[in-house]
Amino acid sequence: MHIAVLGAGVVGITTAWYLQKQGHQVTVVDRQNQSGLETSYANGGQVSVSHAEPWANPSAPLKVAKWLFQPDAPLLFRPRMDLYQWRWALSFLAQCTSAKAAHNIRQMVNLGTYSRTCLQSLRDELNLDYDQLAKGILHFYTNPAEFDAALEPSRIMRDLGCDRQVIDAGRAVELEPALEPIRHRIAGATYTADDESGDARKFTQALAEKCKEAGVAFEYGTEVLGFDRAGDRILGVLALKDGKHHTLRADSYVLSLGSFSAVLARQLGMFLNIYPAKGYSITVPVKNEEAAFNVSLTDDEYKLVYSRLGDRMRVAGTAELNGYRRDLNFTRCRAIVRRAAEVMPEAGYWDPAEFWSGLRPATPSNVPYIGKSHFSNLYLNTGHGTLGWTHSCGSAAALADIVAGKDPEVDFTFSGL
(Lines give C-alpha, C1' and ligand atoms only; values in the text may rest on other atoms or scores of the structure.)
Protein backbone atom coordinates (compact mmCIF):
# COMPACT_ATOMS: atom_id res chain seq x y z
CA MET A 1 0.00 0.00 0.00
CA HIS A 2 0.86 3.65 -0.17
CA ILE A 3 0.70 4.89 3.44
CA ALA A 4 0.89 8.51 4.55
CA VAL A 5 2.36 9.01 8.03
CA LEU A 6 1.23 12.31 9.50
CA GLY A 7 4.01 13.59 11.76
CA ALA A 8 7.81 13.52 11.59
CA GLY A 9 8.67 13.29 15.26
CA VAL A 10 10.36 10.23 16.73
CA VAL A 11 7.08 8.26 16.66
CA GLY A 12 6.25 9.21 13.07
CA ILE A 13 9.72 8.49 11.73
CA THR A 14 10.00 5.10 13.45
CA THR A 15 6.53 4.30 12.10
CA ALA A 16 7.68 5.17 8.58
CA TRP A 17 10.75 2.95 8.97
CA TYR A 18 8.89 -0.15 10.09
CA LEU A 19 6.14 0.31 7.48
CA GLN A 20 8.64 0.53 4.64
CA LYS A 21 10.34 -2.59 6.04
CA GLN A 22 7.01 -4.37 5.51
CA GLY A 23 7.19 -3.37 1.84
CA HIS A 24 4.86 -0.36 1.81
CA GLN A 25 5.37 2.87 -0.10
CA VAL A 26 5.49 5.54 2.63
CA THR A 27 5.14 9.32 2.59
CA VAL A 28 5.82 11.35 5.75
CA VAL A 29 4.00 14.67 6.13
CA ASP A 30 5.05 17.39 8.59
CA ARG A 31 4.69 21.16 8.89
CA GLN A 32 8.35 21.63 9.84
CA ASN A 33 11.18 21.63 7.30
CA GLN A 34 12.97 18.72 8.96
CA SER A 35 12.15 15.79 11.22
CA GLY A 36 12.31 15.92 15.02
CA LEU A 37 11.82 19.66 15.42
CA GLU A 38 8.88 19.71 17.83
CA THR A 39 8.38 17.50 20.92
CA SER A 40 11.35 15.31 19.94
CA TYR A 41 13.69 18.30 19.69
CA ALA A 42 15.09 18.62 23.23
CA ASN A 43 13.29 16.10 25.41
CA GLY A 44 14.76 14.37 28.45
CA GLY A 45 16.71 11.85 26.40
CA GLN A 46 15.85 8.77 28.44
CA VAL A 47 14.90 5.36 27.09
CA SER A 48 13.29 4.53 30.39
CA VAL A 49 11.26 1.38 30.88
CA SER A 50 11.70 2.12 34.60
CA HIS A 51 9.71 5.35 34.24
CA ALA A 52 6.49 3.37 33.97
CA GLU A 53 4.64 4.58 37.04
CA PRO A 54 1.76 6.65 35.60
CA TRP A 55 1.10 10.20 36.75
CA ALA A 56 -2.39 8.99 37.70
CA ASN A 57 -1.84 7.00 40.89
CA PRO A 58 -3.44 7.00 44.35
CA SER A 59 -1.13 9.72 45.68
CA ALA A 60 -1.62 12.07 42.72
CA PRO A 61 -4.84 13.95 43.66
CA LEU A 62 -3.41 15.23 46.94
CA LYS A 63 -0.13 16.24 45.28
CA VAL A 64 -1.87 18.07 42.44
CA ALA A 65 -4.07 19.94 44.93
CA LYS A 66 -0.97 20.95 46.91
CA TRP A 67 0.81 22.11 43.74
CA LEU A 68 -2.18 24.03 42.33
CA PHE A 69 -0.92 27.46 43.43
CA GLN A 70 2.81 26.68 43.34
CA PRO A 71 4.24 28.23 40.14
CA ASP A 72 7.29 25.92 39.99
CA ALA A 73 5.39 22.73 40.89
CA PRO A 74 6.37 19.52 39.02
CA LEU A 75 2.81 19.14 37.71
CA LEU A 76 0.89 22.35 37.20
CA PHE A 77 -2.78 22.48 36.24
CA ARG A 78 -3.85 25.88 34.91
CA PRO A 79 -7.67 25.82 34.71
CA ARG A 80 -8.99 27.18 31.41
CA MET A 81 -12.36 27.59 29.74
CA ASP A 82 -11.55 24.45 27.80
CA LEU A 83 -13.95 21.51 27.76
CA TYR A 84 -11.22 19.12 26.64
CA GLN A 85 -8.89 20.13 29.46
CA TRP A 86 -11.59 19.49 32.08
CA ARG A 87 -12.62 16.23 30.46
CA TRP A 88 -8.99 15.14 30.54
CA ALA A 89 -8.65 16.17 34.20
CA LEU A 90 -11.75 14.22 35.26
CA SER A 91 -10.50 11.16 33.37
CA PHE A 92 -7.14 11.57 35.09
CA LEU A 93 -8.80 11.46 38.51
CA ALA A 94 -10.71 8.34 37.49
CA GLN A 95 -7.38 6.64 36.70
CA CYS A 96 -5.98 7.34 40.18
CA THR A 97 -6.98 4.01 41.74
CA SER A 98 -4.53 1.30 42.76
CA ALA A 99 -6.07 -1.19 40.33
CA LYS A 100 -5.94 1.14 37.33
CA ALA A 101 -2.43 2.33 38.16
CA ALA A 102 -1.22 -1.29 38.34
CA HIS A 103 -2.91 -2.05 34.99
CA ASN A 104 -1.30 0.99 33.37
CA ILE A 105 2.14 0.10 34.76
CA ARG A 106 1.78 -3.33 33.14
CA GLN A 107 0.88 -1.73 29.80
CA MET A 108 3.83 0.65 29.87
CA VAL A 109 6.41 -1.87 31.08
CA ASN A 110 5.41 -4.42 28.45
CA LEU A 111 5.53 -1.85 25.67
CA GLY A 112 8.71 -0.26 27.02
CA THR A 113 10.64 -3.52 27.29
CA TYR A 114 9.64 -4.54 23.78
CA SER A 115 10.44 -1.09 22.42
CA ARG A 116 13.88 -0.98 24.02
CA THR A 117 14.72 -4.31 22.36
CA CYS A 118 13.49 -2.97 19.00
CA LEU A 119 15.62 0.16 19.44
CA GLN A 120 18.74 -1.86 20.20
CA SER A 121 18.19 -4.07 17.15
CA LEU A 122 17.58 -1.05 14.95
CA ARG A 123 20.67 0.71 16.24
CA ASP A 124 22.84 -2.33 15.52
CA GLU A 125 21.28 -2.89 12.09
CA LEU A 126 21.74 0.70 10.91
CA ASN A 127 24.81 1.69 12.95
CA LEU A 128 23.01 4.77 14.30
CA ASP A 129 24.88 7.31 16.43
CA TYR A 130 22.88 9.68 18.64
CA ASP A 131 25.04 10.27 21.74
CA GLN A 132 23.63 7.06 23.19
CA LEU A 133 24.74 5.68 26.55
CA ALA A 134 23.74 2.22 27.78
CA LYS A 135 24.63 2.80 31.43
CA GLY A 136 21.21 2.40 33.00
CA ILE A 137 18.92 4.85 34.75
CA LEU A 138 19.25 5.74 38.43
CA HIS A 139 16.23 7.16 40.29
CA PHE A 140 17.32 9.00 43.43
CA TYR A 141 15.12 10.31 46.25
CA THR A 142 15.90 13.11 48.68
CA ASN A 143 12.47 12.82 50.29
CA PRO A 144 12.00 9.63 52.39
CA ALA A 145 8.25 9.61 51.75
CA GLU A 146 8.81 9.71 47.98
CA PHE A 147 11.27 6.83 48.27
CA ASP A 148 8.84 4.75 50.32
CA ALA A 149 6.11 5.42 47.76
CA ALA A 150 8.37 4.12 44.98
CA LEU A 151 8.90 0.69 46.53
CA GLU A 152 5.60 -0.89 45.48
CA PRO A 153 5.70 0.36 41.85
CA SER A 154 9.30 -0.88 41.65
CA ARG A 155 8.20 -4.32 42.89
CA ILE A 156 5.43 -4.44 40.28
CA MET A 157 7.93 -3.51 37.56
CA ARG A 158 10.33 -6.26 38.68
CA ASP A 159 7.50 -8.79 38.56
CA LEU A 160 6.83 -7.67 34.98
CA GLY A 161 10.45 -8.12 33.93
CA CYS A 162 11.82 -4.59 34.39
CA ASP A 163 14.73 -5.14 36.77
CA ARG A 164 14.42 -1.93 38.81
CA GLN A 165 16.57 -2.69 41.86
CA VAL A 166 16.22 -0.85 45.17
CA ILE A 167 19.57 0.41 46.46
CA ASP A 168 20.91 2.69 49.19
CA ALA A 169 22.72 6.02 48.97
CA GLY A 170 26.17 4.43 49.11
CA ARG A 171 25.46 2.19 46.13
CA ALA A 172 23.89 5.11 44.25
CA VAL A 173 27.06 7.20 44.62
CA GLU A 174 29.17 4.18 43.68
CA LEU A 175 27.20 3.88 40.43
CA GLU A 176 27.24 7.64 39.79
CA PRO A 177 29.98 9.54 41.66
CA ALA A 178 28.51 12.87 40.49
CA LEU A 179 25.89 12.42 43.25
CA GLU A 180 28.55 12.68 45.97
CA PRO A 181 27.65 16.32 46.87
CA ILE A 182 24.17 15.20 47.99
CA ARG A 183 25.03 11.71 49.33
CA HIS A 184 23.95 12.74 52.84
CA ARG A 185 20.52 13.78 51.53
CA ILE A 186 19.70 10.65 49.48
CA ALA A 187 17.03 8.63 51.28
CA GLY A 188 17.26 5.78 48.79
CA ALA A 189 17.43 5.00 45.10
CA THR A 190 16.53 2.50 42.41
CA TYR A 191 18.67 1.41 39.48
CA THR A 192 17.65 -0.17 36.18
CA ALA A 193 20.80 -1.34 34.41
CA ASP A 194 19.13 -2.11 31.07
CA ASP A 195 17.73 1.38 30.51
CA GLU A 196 19.51 3.85 28.22
CA SER A 197 19.75 7.46 27.17
CA GLY A 198 20.44 9.42 24.00
CA ASP A 199 19.51 12.44 21.91
CA ALA A 200 16.03 11.78 20.49
CA ARG A 201 16.36 14.50 17.86
CA LYS A 202 19.66 13.09 16.57
CA PHE A 203 18.12 9.62 16.48
CA THR A 204 15.03 10.86 14.66
CA GLN A 205 16.98 12.77 12.05
CA ALA A 206 19.48 9.93 11.51
CA LEU A 207 16.64 7.45 11.03
CA ALA A 208 14.85 9.86 8.70
CA GLU A 209 17.94 9.81 6.47
CA LYS A 210 17.86 6.01 6.48
CA CYS A 211 14.17 6.17 5.57
CA LYS A 212 14.96 8.47 2.66
CA GLU A 213 17.66 6.09 1.44
CA ALA A 214 15.10 3.26 1.61
CA GLY A 215 12.66 5.18 -0.60
CA VAL A 216 10.41 6.94 1.91
CA ALA A 217 9.11 10.27 0.56
CA PHE A 218 8.92 13.40 2.72
CA GLU A 219 6.45 16.27 2.42
CA TYR A 220 8.07 18.80 4.74
CA GLY A 221 6.68 22.30 5.18
CA THR A 222 3.21 20.85 4.79
CA GLU A 223 0.52 21.63 7.35
CA VAL A 224 -2.26 19.09 7.75
CA LEU A 225 -5.59 20.93 7.88
CA GLY A 226 -8.12 18.12 7.77
CA PHE A 227 -9.41 15.14 5.83
CA ASP A 228 -11.41 14.29 2.75
CA ARG A 229 -13.63 11.38 3.77
CA ALA A 230 -16.49 9.23 2.55
CA GLY A 231 -18.26 6.87 4.91
CA ASP A 232 -15.70 4.94 6.92
CA ARG A 233 -12.78 5.72 4.60
CA ILE A 234 -10.29 8.56 4.43
CA LEU A 235 -9.92 9.68 0.82
CA GLY A 236 -7.16 12.20 1.36
CA VAL A 237 -5.42 14.69 3.61
CA LEU A 238 -6.20 18.37 3.14
CA ALA A 239 -2.91 20.21 3.37
CA LEU A 240 -1.27 23.61 2.95
CA LYS A 241 2.20 23.98 1.46
CA ASP A 242 3.89 27.14 0.20
CA GLY A 243 0.60 29.00 0.58
CA LYS A 244 -1.24 26.55 -1.69
CA HIS A 245 -3.97 24.13 -0.69
CA HIS A 246 -3.82 20.60 -2.02
CA THR A 247 -5.03 17.09 -1.20
CA LEU A 248 -2.50 14.35 -0.48
CA ARG A 249 -3.90 10.92 -1.28
CA ALA A 250 -2.78 7.49 -0.13
CA ASP A 251 -4.31 4.06 0.51
CA SER A 252 -3.99 4.33 4.29
CA TYR A 253 -2.99 6.94 6.86
CA VAL A 254 -1.28 6.97 10.26
CA LEU A 255 -2.04 9.77 12.72
CA SER A 256 1.17 10.60 14.66
CA LEU A 257 0.84 14.33 15.21
CA GLY A 258 1.43 14.30 18.96
CA SER A 259 -0.83 16.67 20.89
CA PHE A 260 -2.39 17.88 17.63
CA SER A 261 -3.67 14.38 16.83
CA ALA A 262 -6.67 15.04 19.08
CA VAL A 263 -7.51 18.28 17.23
CA LEU A 264 -7.43 16.57 13.82
CA ALA A 265 -9.35 13.55 15.08
CA ARG A 266 -12.21 15.74 16.25
CA GLN A 267 -12.80 16.77 12.64
CA LEU A 268 -13.62 13.13 11.98
CA GLY A 269 -15.94 12.83 14.96
CA MET A 270 -13.29 10.85 16.87
CA PHE A 271 -12.46 11.65 20.48
CA LEU A 272 -8.87 10.99 21.51
CA ASN A 273 -8.37 11.90 25.16
CA ILE A 274 -5.02 13.60 24.57
CA TYR A 275 -4.07 16.95 26.06
CA PRO A 276 -0.75 18.80 25.77
CA ALA A 277 1.44 18.59 28.86
CA LYS A 278 4.02 21.28 28.28
CA GLY A 279 7.43 20.15 29.47
CA TYR A 280 10.64 22.12 29.83
CA SER A 281 14.29 21.29 29.40
CA ILE A 282 17.64 22.95 29.80
CA THR A 283 20.78 22.03 27.89
CA VAL A 284 24.19 23.11 29.15
CA PRO A 285 27.85 22.41 28.31
CA VAL A 286 29.84 20.16 30.64
CA LYS A 287 32.05 22.23 32.92
CA ASN A 288 33.96 19.65 34.95
CA GLU A 289 34.20 16.15 33.51
CA GLU A 290 34.91 14.60 36.90
CA ALA A 291 31.85 16.25 38.46
CA ALA A 292 29.50 15.53 35.55
CA PHE A 293 27.24 12.48 35.46
CA ASN A 294 27.33 9.64 32.92
CA VAL A 295 24.54 7.46 34.24
CA SER A 296 21.15 8.89 33.30
CA LEU A 297 19.34 10.13 36.41
CA THR A 298 15.78 10.73 37.56
CA ASP A 299 15.14 13.10 40.46
CA ASP A 300 11.74 11.77 41.44
CA GLU A 301 10.84 14.38 44.03
CA TYR A 302 11.22 17.16 41.47
CA LYS A 303 10.16 15.03 38.47
CA LEU A 304 13.35 15.86 36.57
CA VAL A 305 15.46 13.63 34.34
CA TYR A 306 19.15 14.10 33.55
CA SER A 307 20.84 12.74 30.42
CA ARG A 308 24.43 13.08 29.27
CA LEU A 309 24.62 13.86 25.55
CA GLY A 310 28.30 13.92 24.65
CA ASP A 311 29.77 17.19 25.88
CA ARG A 312 26.30 18.47 26.82
CA MET A 313 23.94 17.77 29.69
CA ARG A 314 20.18 17.79 29.38
CA VAL A 315 17.84 18.25 32.35
CA ALA A 316 14.13 18.05 31.61
CA GLY A 317 10.82 17.67 33.32
CA THR A 318 7.76 19.26 34.89
CA ALA A 319 4.35 19.26 33.21
CA GLU A 320 2.08 22.21 32.65
CA LEU A 321 -1.52 21.61 31.54
CA ASN A 322 -2.21 25.00 30.04
CA GLY A 323 -3.31 24.61 26.43
CA TYR A 324 -1.26 24.57 23.24
CA ARG A 325 1.01 27.58 23.80
CA ARG A 326 4.76 26.93 23.90
CA ASP A 327 5.91 30.20 25.47
CA LEU A 328 8.48 29.79 28.23
CA ASN A 329 7.56 30.18 31.86
CA PHE A 330 10.86 31.42 33.25
CA THR A 331 9.87 30.64 36.83
CA ARG A 332 9.76 26.97 35.83
CA CYS A 333 12.94 27.22 33.75
CA ARG A 334 14.86 28.75 36.64
CA ALA A 335 13.52 26.09 39.00
CA ILE A 336 15.15 23.40 36.83
CA VAL A 337 18.45 25.29 36.76
CA ARG A 338 18.32 25.84 40.52
CA ARG A 339 17.71 22.18 41.32
CA ALA A 340 20.34 20.88 38.87
CA ALA A 341 22.95 23.28 40.25
CA GLU A 342 22.05 22.21 43.78
CA VAL A 343 22.49 18.50 42.95
CA MET A 344 25.72 18.85 40.90
CA PRO A 345 27.11 22.37 41.35
CA GLU A 346 30.36 21.85 39.42
CA ALA A 347 29.05 19.60 36.66
CA GLY A 348 27.93 22.18 34.13
CA TYR A 349 27.83 25.81 33.14
CA TRP A 350 24.35 26.30 34.55
CA ASP A 351 23.91 30.05 34.08
CA PRO A 352 23.87 30.17 30.25
CA ALA A 353 21.38 27.29 30.00
CA GLU A 354 19.53 26.84 26.72
CA PHE A 355 15.80 26.71 27.53
CA TRP A 356 13.22 24.77 25.55
CA SER A 357 9.57 23.75 25.87
CA GLY A 358 7.59 21.05 24.12
CA LEU A 359 4.02 19.77 24.14
CA ARG A 360 3.91 16.18 25.28
CA PRO A 361 0.76 14.40 24.01
CA ALA A 362 -0.52 13.05 27.33
CA THR A 363 -3.40 10.67 27.96
CA PRO A 364 -4.92 10.49 31.47
CA SER A 365 -3.58 6.95 31.91
CA ASN A 366 -0.20 7.66 30.23
CA VAL A 367 -1.01 4.74 27.90
CA PRO A 368 -0.85 5.72 24.20
CA TYR A 369 -3.28 5.04 21.36
CA ILE A 370 -1.76 2.45 19.01
CA GLY A 371 -3.72 0.52 16.40
CA LYS A 372 -6.84 0.85 14.28
CA SER A 373 -9.29 3.74 14.36
CA HIS A 374 -13.01 3.73 13.57
CA PHE A 375 -12.06 4.39 9.96
CA SER A 376 -11.08 1.41 7.84
CA ASN A 377 -7.85 2.98 6.54
CA LEU A 378 -6.81 5.26 9.40
CA TYR A 379 -4.39 4.05 12.08
CA LEU A 380 -3.29 5.66 15.34
CA ASN A 381 0.17 5.93 16.87
CA THR A 382 -0.06 8.87 19.24
CA GLY A 383 -0.56 10.00 22.84
CA HIS A 384 2.76 8.75 24.24
CA GLY A 385 3.18 11.56 26.76
CA THR A 386 6.60 11.61 28.40
CA LEU A 387 7.55 8.23 26.93
CA GLY A 388 7.47 8.89 23.19
CA TRP A 389 11.20 8.29 22.85
CA THR A 390 11.03 5.20 25.07
CA HIS A 391 8.05 3.64 23.29
CA SER A 392 8.65 4.82 19.73
CA CYS A 393 10.32 1.78 18.17
CA GLY A 394 8.02 -0.75 19.83
CA SER A 395 4.90 1.25 18.96
CA ALA A 396 6.01 1.52 15.35
CA ALA A 397 6.93 -2.15 15.00
CA ALA A 398 3.61 -3.19 16.53
CA LEU A 399 1.63 -0.84 14.32
CA ALA A 400 3.38 -2.14 11.19
CA ASP A 401 2.31 -5.65 12.22
CA ILE A 402 -1.29 -4.49 12.72
CA VAL A 403 -1.33 -2.85 9.28
CA ALA A 404 -0.05 -6.14 7.83
CA GLY A 405 -2.79 -8.11 9.60
CA LYS A 406 -0.36 -9.76 12.00
CA ASP A 407 -0.58 -10.05 15.77
CA PRO A 408 1.96 -7.73 17.45
CA GLU A 409 4.67 -9.41 19.48
CA VAL A 410 3.92 -7.47 22.66
CA ASP A 411 1.18 -7.89 25.27
CA PHE A 412 -0.58 -4.54 25.07
CA THR A 413 -4.16 -3.31 24.67
CA PHE A 414 -4.16 -1.96 21.14
CA SER A 415 -6.85 0.34 19.78
CA GLY A 416 -9.49 -1.33 17.63
CA LEU A 417 -8.37 -4.91 18.35
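The values are calculated or read from the model by the stated rules, or taken from the named source; none is laboratory data. Quick caveat: nothing in here was measured; it's all calculated off a predicted structure. Note that we place each Cβ from the backbone using ideal geometry, even for glycine, and neighbour counts take in every protein chain shown. When the accessible area is computed, the model is the full protein with side chains, heavy atoms only, and any ligands, DNA or RNA have been set aside. Shrake-Rupley method; radii C 1.70, N 1.55, O 1.52, S 1.80 Å.
At-a-glance table
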read-out	value
Where segment 277-390 is the region considered: accessible area per residue in Å², 1.4 Å probe	33 Å²
Dipole of the chain [Lys/Arg +1, Asp/Glu -1 at C-beta], most positive-end residue of T27, A262, G405	A262
Within segment 38-128, chymotrypsin sites (Phe, Trp or Tyr not before Pro) in DSSP loop having at most 15 other beta-carbon neighbours inside 10 Å	F69
Rounded percent of accessible protein surface that carbon and sulfur make up, the chain, 1.4 Å probe	50 percent
Probe 1.4 Å, accessible area per residue of segment 36-92, Å²	48 Å²
Within the chain, helix-based [θ] at 222 nm, where runs of 4 or more DSSP H residues each add -39,500 (n - 2.57), nearest 500	-10500 deg cm²/dmol
Exposed-loop-free span, longest in the chain, where GluC sites (Glu not before Pro) count as exposed if DSSP calls them loop and at most 14 other C-beta atoms lie within 10 Å	1-288
Centroid-to-centroid separation of segment 1-70 and segment 83-108 [C-alpha atoms, Å]	19 Å
Average silhouette area of segment 252-352, convex hull of alpha-carbon atoms, in square nanometres	8.7 nm²
Convex hull volume of segment 263-417 per residue (C-alpha atoms, cubic angstrom)	133 Å³
Descending semi-axes in whole angstrom, ellipsoid equivalent of the chain, from the Cα gyration tensor	34, 23, 21
On Cα atoms only, tilt of 388-403 relative to the major axis of the chain in degrees	30 degrees
Most mobile listed residue (L264, L83, L321) in the chain, GNM with C-alpha springs under 10 Å	L83
Zone residues, segment 25-39, relative to L225, backbone N less than 18 Å from point 7 Å out along Cα-to-Cβ	29-32
Principal-axis tilt of helix 98-126 within the chain, Cα atoms, nearest 10 degrees	80 degrees
Solitary cysteines of the chain, where the nearest other Cys Cβ is not under 4.7 Å	C96, C162, C211, C333
Helix 83-94 vs. the chain, principal-axis angle (Cα, 0 to 90°, nearest 10)	50 degrees
